[in-house]
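The values are calculated or read from the model by the stated rules, or taken from the named source; none is laboratory data. All values derive from a computational prediction rather than experimental measurement. Cβ coordinates were reconstructed from backbone atoms using ideal geometry, including for glycine residues, and neighbour counts include every protein chain displayed. Just the protein is used for accessible areas: all its heavy atoms, side chains included, with ligands, DNA and RNA removed. Shrake-Rupley method; radii C 1.70, N 1.55, O 1.52, S 1.80 Å.
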There are 2 protein chains.
Amino acid sequence: MDEFALIRMLNRSRSTVVSDHPESGVSVGIGDDAAVLRPTGGKELVVSCDTMVESVHFKPETMTYEDIGYKAMASSLSDIAAMGAEPRWALVALAAPRSSSPERLRELYDGLYACAERYGTSIVGGDTASSPSGLTVTVTVIGEAGAGGSLLRSAAKAGDAVFITGPLGGSAAGLRFLLERGGLAGPLEELPERIRPLARAHRLPEPRIDAGRLLARAKPGMCGALNDISDGLASEAWEIAEASGVQVTLYGDRIPVSDELRDYAAASAHDPLDWALYGGEDYELVGTVRQEYAAELASTFERAGKRIWFVGEVDSAVTGSADGKVGVTLVRAGADAGVPVGKRGYNHFA
Amino acid sequence: MDEFALIRMLNRSRSTVVSDHPESGVSVGIGDDAAVLRPTGGKELVVSCDTMVESVHFKPETMTYEDIGYKAMASSLSDIAAMGAEPRWALVALAAPRSSSPERLRELYDGLYACAERYGTSIVGGDTASSPSGLTVTVTVIGEAGAGGSLLRSAAKAGDAVFITGPLGGSAAGLRFLLERGGLAGPLEELPERIRPLARAHRLPEPRIDAGRLLARAKPGMCGALNDISDGLASEAWEIAEASGVQVTLYGDRIPVSDELRDYAAASAHDPLDWALYGGEDYELVGTVRQEYAAELASTFERAGKRIWFVGEVDSAVTGSADGKVGVTLVRAGADAGVPVGKRGYNHFA
């Protein structure tokens, strides 16, 4: 198959494509040198890109090609969620071995389109190239936010409450299960029922677009910093601490984990908190809210049929004081004092 | 070096960065989950991305790391030029082996920044990841154009004159020379003077942003289709023919090649026209103009200190006629009749 035929096969004749809708803002989609888009007057653009590399970010032993596509889109959309913005358009750059089966690549694009459509995002362009070995997928997402309304990492203040938008650690536990089983990438339905949510968290994560939008629309001054949890809570809390110049304290017994995670951790002699802090790829959001608005924010989420969990607090970083340095402290259940939490998370160049 | 330190090293402390200027439209640059940008009211966005893969698109034997970065940015900017748009912002996704020298990666980013700054483009974000083998660089560029003012491939009409913005074939000839010399990626100054423009065309191509803008600002209805020559004139003329449903005729003796190319072709027993038609990576523009405006467009370019070359014409594609099918015909010097030109150019999945 030639390259143009491949691109047509990967992108066209899909049953529903967001860019076909007039309100998608797509004047020219896939097929020319570039796409032409109509941004909304008065909004700012929020743009990010994310790369997934075979055998670094994913292994075909634990994910179908459709999962790989879905997750590549989800992880890029998650960066838009972490700004409180609305995703609108995406570009997909694929490098794949010449020997790739067109059917597998079509499945990869099925996953990319499924996730994009779920979150109202039009795939408007991209590039396909051959690679000497392994797949590399880069997804760029362009979103929109009210002018000045994006939620930054640097906006945490002493006194803020720290919250997260969902249970953590599921993705890391799911990956461990799938690797131990010898790499089972079949339908999720074939997995034991108690494992399914963990495997799903690893294979088909959901970006928290709605939660990010709720936070961005909250009363001005209510929300502080926001980040998505792609590298584990410890690493993300560190990013907020460093960007904001603060100290973040996390309480181990307040960090939610699912019952399935707790059971699997017990069965495999693992500390569930370790997965929550260091596992990564959960794509929940971690943020801070001014203490006086914490209850109001929790109600806002409840009214929207969602929930937030308060897991810590922000203290000032006192320069020169050993206790007050920028960083993250963990107070474990029953402990009187906190211990410093390392920044570790996945490091590509360590 | 850890990943965050690497990103800081690659992106910060640069002497001049476009995004530091207030008119760059950058509210939040590199360092958060996403960048925040202020688009110009009333304009459309023009977006594209391009991937360069080591040993497929480039070999470190013929290019320095700075060249690789420069060319990755240039080839993405070229897609924006091909729409007649103004590039504004770029994101860079890099996958590099863990063993990569930070100095080489810094050189790669020197090249990316040098090209971006030359064309007034702010690098506002990206991603860095490890790869099992070889470099992959994906550059996404976001530009702006007047609403409805982008120049599309599909706008050629029967009777149009076909023009190009500069001599072709230099990049392919330069690559051949560098490969034959056993891969010399040292300073261009060390190469023979008559070869230097060819090696430069391969290593440091320039996107024709100014030419694209001139065309986009021309009298409404003056310009037809536009494309950039990334895959050789034959392939690009085919794209215009297919998108517009027309027949394109090219005249071999009107296609400009440089004196250096002609000399090197003679010395290496090569047909210079072959490089021009099938070599690719020249990044000149090929377009069509309504015949009655051809002279006026040429004057417009001259007044701007530039030039266009008329190399062919557009005929209608008569359905069902063997002579009138969509496609490209070449009339060689001295020949009475044209011969069909194959679409070949680099095909990643053939």
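Restricting attention to segment A:179-202, does a residue exist that is within 14 Å of another protein chain (Cβ to nearest Cβ) and at pLDDT 95 or above? Break it down into steps so the answer makes sense when it comes.
So the first thing to find is which residues in segment A:179-202 are within 14 Å of another protein chain (Cβ to nearest Cβ), and the list is none.
Within segment A:179-202 (the criterion being within 14 Å of another protein chain (Cβ to nearest Cβ) and at pLDDT 95 or above), the answer is no, since none of the residues qualifies.
Anything in segment A:141-184 that is small (Gly, Ala, Ser), out of contact with any helix residue (DSSP H, G or I) (no Cβ under 6 Å at 6 or more places or on another chain) and more than 30 Å from A:THR40 (Cβ to Cβ)? List them, or say none. Explain how you work it out, then say what you get.
Within segment A:141-184, the first condition is being small (Gly, Ala, Ser), and the residues that meet it are A:143, A:145-150, A:154-156, A:158-159, A:161, A:166, A:169-174, A:182-183.
Adding the requirement that they be out of contact with any helix residue (DSSP H, G or I) (no Cβ under 6 Å at 6 or more places or on another chain) leaves A:145-148, A:150, A:155, A:158, A:166, A:182-183.
Answer for segment A:141-184, where residues must be small (Gly, Ala, Ser), out of contact with any helix residue (DSSP H, G or I) (no Cβ under 6 Å at 6 or more places or on another chain) and more than 30 Å from A:THR40 (Cβ to Cβ): A:ALA158, A:GLY182, A:GLY183.
Would you confirm whether or not segment A:93-102 contains a residue that is closer than 16 Å to B:CYS49 by Cα and either more than 10 Å from chain B (Cβ to nearest Cβ) or not in a strand (DSSP E or B) (or both)?
The answer is no, given that none of the residues of segment A:93-102 is closer than 16 Å to B:CYS49 by Cα and either more than 10 Å from chain B (Cβ to nearest Cβ) or not in a strand (DSSP E or B) (or both).
Quick one: A:LEU77 ticks every box in (1) open to solvent by 10 Å² or more (accessible area, probe 1.4 Å); (2) within 13 Å of chain B (Cβ to nearest Cβ); (3) not charged (D, E, K, R) bar one, so which box is it?
(1)
Would you mind stating whether B:GLY143 is at negative phi and facing chain A (nearest Cβ under 8 Å)? Give the derivation first.
Details: at negative phi: yes; facing chain A (nearest Cβ under 8 Å): yes.
Judged against the criteria, B:GLY143 is a match.
Among the residues of segment B:124-171, write down those that are within 30 Å of B:SER100 (Cα to Cα), crowded, with 24+ Cβ neighbours inside 10 Å and small (Gly, Ala, Ser).
Listed by number, the residues that qualify are B:GLY125, B:GLY126, B:SER131, B:SER171.
Tally up the residues in segment B:172-185 that are out of contact with any Phe, Trp or Tyr (no Cβ under 8 Å at 6 or more places or on another chain) and either buried (at least 24 other Cβ atoms within 10 Å of the Cβ) or among the aliphatic types (A, V, I, L, M) (or both), please.
6
Would you confirm whether or not segment B:1-24 contains a residue that is within 25 Å of A:LYS43 (Cα to Cα), assigned to a strand (DSSP E or B), not assigned by TED's automatic domain parsing to the domain that holds B:CYS223 and not aliphatic (A, V, I, L, M)? Step through it out loud before you land on a result.
Taking segment B:1-24 as the starting set, the residues that turn out to be within 25 Å of A:LYS43 (Cα to Cα) are B:17-24.
From what's left, assigned to a strand (DSSP E or B): none.
Within segment B:1-24, none of the residues are within 25 Å of A:LYS43 (Cα to Cα), assigned to a strand (DSSP E or B), not assigned by TED's automatic domain parsing to the domain that holds B:CYS223 and not aliphatic (A, V, I, L, M).
Starting from residues that are crowded, with 19+ Cβ neighbours inside 10 Å and among the hydrophobic types (A, V, I, L, M, F, W, C), keep the ones in segment B:107-123 and report whichever is nearest to the other protein chains (Cβ to nearest Cβ).
Here the answer is B:ILE123.
So, of the residues in segment A:16-74 that are open to solvent by 30 Å² or more (accessible area, probe 1.4 Å) and at positive phi, which turns out to be nearest to the other protein chains (Cβ to nearest Cβ)?
The extreme case among them is A:SER55.
Can we say A:ILE142 is β-branched (Val, Ile, Thr) and out of contact with any strand residue (DSSP E or B) (no Cβ under 8 Å at 6 or more places or on another chain)?
no
Kindly indicate whether B:ALA333 is crowded, with 19+ Cβ neighbours inside 10 Å, modelled with pLDDT under 95 and more than 29 Å from B:LEU191 (Cβ to Cβ).
No, not satisfied.
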